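Only one structure is covered here, and it is reproduced in the block below.
The values are calculated or read from the model by the stated rules, or taken from the named source; none is laboratory data. Values in this document were obtained by computation on a predicted structure and should not be read as measured data. In this analysis, Cβ positions are derived from the backbone assuming ideal geometry, glycine residues included, and neighbour counts consider all displayed protein chains. Protein only, heavy atoms only, side chains kept; ligands, DNA and RNA dropped before computing areas. Shrake-Rupley method; radii C 1.70, N 1.55, O 1.52, S 1.80 Å.
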Amino acid sequence: MCAEEAVASLLQLEETFSASLARIDVTVLKPLLQAEPNDQKGKENFKLFLLLNDRFQALWNLTEENYRILKQKRGDSERSCIQDIYIIWKGDQFLSIHIQYFVTFANYVVVQGFEHATKSKSEAWKQHRTVLKQFLTDFTPETSVALALYTVLHKPLREHIQQYLLLLIKLKETLKEGPEKDVVTSVIQEYAKLQSFISQVLDEACLTKALWKSLGCKFTDMLCVPERRLLEDSKDLPISTGTNRSDRILLFDDVLVLIQGNSFQSFDLKLVWVDENCGEKLDPELHGLRITTPEETFLLSTKDLQIKAVWQWKLNQAVRQALNGKRDFPLWGRTGEGSEPPPCRFFSYVFRLEGRFRSAAYEGEWRWGKPHGKFGICLVPRQAEDRYDCYKCHWYEGKMRGYGICEYGNDIVYKGYFKDNVRQGFGILENFSAEHPFRYTGQWKNNKKNGYGVWEDKDRGERYIGMWLDDQRHGQGIVVTQSGVCYQRTFHADKMVGSGILLLEDDSVYEGNFTEDLTFVGKVRTSLIPTWIHLLQFL
């Protein structure tokens, strides 16, 4: 087949295919578009069908455009060349539009769209059922209308892609070795991949639809998402949690689901870690996988080592694909084959179990189910308040470690260092509320002021500069009052002990014992201002 013969054959193919699409549009799509349902589920499916119709129209428009271009070129030139075959030179566009159509078609299959559509009670649909049956000449009276619709809306398109392939293969056989033959060979491979892709997405869609039909409405209503696909089922590949916490384990392309009785747990695959080296003691006859999530860790176990290997492989590949936001093609193909998902990930999560972080939202880096890395942000709701504590910190194995900024819901802010979730090292704690503003700058240990630090009581206008122990003034310190009076004292458990040095506003200096209200007790020695220089060592 020479290029001219290929163009002539392609022109005929496109003309026939366009006529077939026109018939499908009139006989199938338009009646369904007029049969808009009244129930909520039906309305959701109808929106998806509208998108499917848009994809169909785009494919039809591309076919007609290709037909017009081919016809025009044959009219303008006596001879045709490979450059006139647009399924080669515009192959990416043809592939993209077909992929978009079949992805949407598969989504519609998953939600049992054709079954719901054929139950429509609209007059428009009733009037077209007879015409539809005449159009579907390949089906027996026993064939359901839903199955007929499913077949009509995908079979002609798949057959047309096969005709593309046969035409290109014949063309390749007539070409001499060179760039043109290389291009045609490459395009043939892409259309062959498209065929495999379509088979894959339709098989997944039918498998997932069968699952939703087998489960109760409760699970289907909560778990069924058009884009979600079933990858593995413990009923088909036996594995259990080993703790009787689940009757069934379902692996989807985005979540891992454990079903027990009438309830289920769902785990986002982006935050699932799989480890075959469990460490836990198992029955000698069992082979286990440890599944780690932000709040739970559990085991999957099976007596068959090969089944364990398959689950581990599929889990890791599903996690990696979820993180990449892109499925491998083919399903278990070469892309990333054998590679494990990264242990460190960046993701958002809302804690749901009881505890300190219940309903807290964390965004940042994770490692093996724990916040870990630079500046993850965690919002923790305060009890009985419509406010949050905001932690912007470095994290290590689920705990704050290193520098962080914490904005508490009570208008207090801490900027400093943490270790294992507590303030440790240098930090600044400040209260911005009008009720009792203060600021502490200094050292911390186990969430308490320890070591050297400066306390500023902004409400009283007083400042303490000195040593601390367990949140109390303890050791040598200097107090500066709002009136400008300064004194040096030794403190023990927040109380003054022993004698001290007092500097009054008139620059007179007193040494001796005095109370917190600056009343002198016993003998007091006065001295000149140079004595006060010693106090500057503390400032």
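Among the residues of the range 378-399, what is the count of those that are of a type in the set (A, V, I, L, M, F, W, C) and assigned to a loop (DSSP other than H, G, I, E, B)? So that I can check it myself, show each step before the final result.
Applying the first criterion (of a type in the set (A, V, I, L, M, F, W, C)) to the range 378-399 yields 378-380, 384, 390, 393, 395.
Applying the additional criterion that residues be assigned to a loop (DSSP other than H, G, I, E, B) yields 384.
Qualifying residue count for the region: 1.
If you go through the range 484-511, how many residues are more than 21 Å from Asp471 (Cα to Cα), in contact with an Asp or Glu (Cβ under 8 Å, 6 or more places away or on another chain), crowded, with 18+ Cβ neighbours inside 10 Å and among the aliphatic types (A, V, I, L, M)?
The qualifying residues number 2.
Can you list residue pairs whose Cβ atoms sit under 7 Å apart, with the first residue in the range 496-507 being at negative phi and the second being of a type in the set (S, T, N, Q) and open to solvent by less than 50 Å² (accessible area, probe 1.4 Å)? Count only pairs 6 or more apart in sequence or on different chains.
Pairs found: Val497/Thr490; Gly500/Gln488; Ile501/Gln488.
Looking at the range 349-360, can you tell me whether even one residue there is touching a helix residue (DSSP H, G or I) at 6+ places or on another chain (Cβ under 7 Å) and not charged (D, E, K, R)?
The first filter runs over the range 349-360 and keeps only residues touching a helix residue (DSSP H, G or I) at 6+ places or on another chain (Cβ under 7 Å), leaving 349.
This time we only want the ones that are not charged (D, E, K, R), so: 349.
Looking for residues that are touching a helix residue (DSSP H, G or I) at 6+ places or on another chain (Cβ under 7 Å) and not charged (D, E, K, R), one finds at least one in the range 349-360, hence yes.
With open to solvent by 70 Å² or more (accessible area, probe 1.4 Å), within 16 Å of Met467 (Cβ to Cβ) and modelled with pLDDT under 75 as the only criterion, which of Leu535, Leu539 stands out?
Numbers: Leu535 fails: open to solvent by 70 Å² or more (accessible area, probe 1.4 Å).
So the residue among Leu535, Leu539 that is open to solvent by 70 Å² or more (accessible area, probe 1.4 Å), within 16 Å of Met467 (Cβ to Cβ) and modelled with pLDDT under 75 is Leu539.
For Cys406, which of the numbered conditions (1) assigned to a strand (DSSP E or B); (2) open to solvent by 20 Å² or more (accessible area, probe 1.4 Å); (3) not basic (Lys, Arg) fails to hold?
(2)
How many of the residues making up the range 31-45 are assigned to a helix (DSSP H, G or I) and in contact (Cβ under 8 Å) with a residue 24 or more places away in the chain? Give the derivation first.
To start, the set of residues in the range 31-45 that are assigned to a helix (DSSP H, G or I) comprises 31-33, 40-45.
This time we only want the ones that are in contact (Cβ under 8 Å) with a residue 24 or more places away in the chain, so: 31-32, 41-42, 44-45.
Adding up the residues that qualify gives 6.
Of all residues in the range 357-369, which are touching a strand residue (DSSP E or B) at 6+ places or on another chain (Cβ under 7 Å), in a loop (DSSP other than H, G, I, E, B) and either without any contact (Cβ under 8 Å) to a residue 60 or more places away in the chain or open to solvent by 30 Å² or more (accessible area, probe 1.4 Å) (or both)? Explain how you work it out, then say what you get.
Narrowing the range 357-369 to residues touching a strand residue (DSSP E or B) at 6+ places or on another chain (Cβ under 7 Å): 357, 359-369.
Still in the running and in a loop (DSSP other than H, G, I, E, B): 357, 359-360, 368-369.
Those that are touching a strand residue (DSSP E or B) at 6+ places or on another chain (Cβ under 7 Å), in a loop (DSSP other than H, G, I, E, B) and either without any contact (Cβ under 8 Å) to a residue 60 or more places away in the chain or open to solvent by 30 Å² or more (accessible area, probe 1.4 Å) (or both): Phe357, Ser359, Ala360, Trp368.
Among the residues of the range 302-326, what is the count of those that are touching a residue at least 40 places away in the same chain (Cβ under 8 Å) and either open to solvent by 70 Å² or more (accessible area, probe 1.4 Å) or farther than 14 Å from Val272 by Cα (or both)? Before the answer, list the steps.
Keep residues of the range 302-326 that are touching a residue at least 40 places away in the same chain (Cβ under 8 Å), which gives 302, 304, 307-308, 310-311, 314-316, 318-319, 321-323.
Those still in the list that are either open to solvent by 70 Å² or more (accessible area, probe 1.4 Å) or farther than 14 Å from Val272 by Cα (or both) too: 302, 304, 307-308, 310.
Residues meeting the conditions: 5.
Right, Gln443: on the phi < 0 side of the Ramachandran plot and part of a strand (DSSP E or B) or not? Break it down stepwise before answering.
Numbers: on the phi < 0 side of the Ramachandran plot: yes; part of a strand (DSSP E or B): yes.
Yes.
Look at the range 44-79 and say how many of its residues are of a type outside the set (Val, Ile, Thr) and either touching a strand residue (DSSP E or B) at 6+ places or on another chain (Cβ under 9 Å) or modelled with pLDDT under 85 (or both).
Just the residues of the range 44-79 that are of a type outside the set (Val, Ile, Thr), to begin with: 44-62, 64-68, 70-79.
Checking the rest, the ones that are also either touching a strand residue (DSSP E or B) at 6+ places or on another chain (Cβ under 9 Å) or modelled with pLDDT under 85 (or both) come to 70-79.
Number satisfying all stated conditions: 10.
For the range 37-65, name all the residues that are closer than 19 Å to Ser9 by Cα and in contact with a Leu (Cβ under 8 Å, 6 or more places away or on another chain). Before the answer, list the steps.
Going residue by residue through the range 37-65, those that are closer than 19 Å to Ser9 by Cα are 60, 62-65.
Passing the criteria: Trp60, Thr63.
Going through the range 455-470 one residue at a time, which ones are in a strand (DSSP E or B) and either under 29 Å from Arg401 (Cβ atoms) or open to solvent by less than 40 Å² (accessible area, probe 1.4 Å) (or both)? Walk me through it before giving the result.
Step one: of the range 455-470, the residues in a strand (DSSP E or B) are 455-457, 462-469.
Once the filter is applied, which keeps residues that are in a strand (DSSP E or B) and either under 29 Å from Arg401 (Cβ atoms) or open to solvent by less than 40 Å² (accessible area, probe 1.4 Å) (or both), the range 455-470 yields Trp455, Glu456, Asp457, Tyr464, Ile465, Gly466, Met467, Trp468, Leu469.
Those residues that are under 17 Å from Asn66 (Cβ atoms) and buried (at least 16 other Cβ atoms within 10 Å of the Cβ), I need them from the range 19-54; list them, please. Don't jump to the end; show me each part of the working.
Kept after step one, since they are under 17 Å from Asn66 (Cβ atoms), are these residues of the range 19-54: 19-22.
Across the range 19-54, the qualifying residues are Ser20, Leu21.
Considering each of Tyr487, Tyr510, Tyr452 in turn, give the residue that is in a strand (DSSP E or B) and modelled with pLDDT of 95 or more.
On the way: Tyr487 fails: modelled with pLDDT of 95 or more; Tyr510 fails: modelled with pLDDT of 95 or more.
Tyr452 is the lone residue from the list that is in a strand (DSSP E or B) and modelled with pLDDT of 95 or more.
List every residue pair whose Cβ atoms lie under 8 Å apart, where the two residues are 6 or more positions apart in sequence or sit on different chains, the first residue falls within the range 9-28 and is touching a residue at least 60 places away in the same chain (Cβ under 8 Å), and the second residue, located anywhere, is basic (Lys, Arg) and surrounded by fewer than 20 Cβ atoms within 10 Å (Cβ to Cβ).
From residues that are touching a residue at least 60 places away in the same chain (Cβ under 8 Å), the pairs are Leu11/Lys71; Leu11/Arg74.
I want to confirm something. Restricting to the range 135-157 and keeping residues that are at pLDDT below 75 and part of a loop (DSSP other than H, G, I, E, B), which single residue is least open to solvent (accessible area, probe 1.4 Å)?
Applying the first criterion (at pLDDT below 75) to the range 135-157 yields 135-143.
The next check asks that each one be part of a loop (DSSP other than H, G, I, E, B); those that pass are 136-143.
Numbers: Leu136: 16, Thr137: 106, Asp138: 127, Phe139: 61, Thr140: 77, Pro141: 125, Glu142: 152, Thr143: 38 Å².
Among those that are at pLDDT below 75 and part of a loop (DSSP other than H, G, I, E, B), it is Leu136.
Each row is one residue, and each column tells you yes or no for (1) closer than 30 Å to Leu52 by Cα; (2) out of contact with any Asp or Glu (no Cβ under 9 Å at 6 or more places or on another chain); (3) part of a loop (DSSP other than H, G, I, E, B); (4) without any contact (Cβ under 8 Å) to a residue 40 or more places away in the chain.
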{"position": "Leu171", "(1), (2), (3), (4)": "no, no, no, no"}
{"position": "Lys181", "(1), (2), (3), (4)": "no, yes, no, yes"}
{"position": "Val187", "(1), (2), (3), (4)": "yes, yes, no, no"}
{"position": "Leu194", "(1), (2), (3), (4)": "yes, yes, no, no"}
{"position": "Ala205", "(1), (2), (3), (4)": "yes, yes, no, no"}
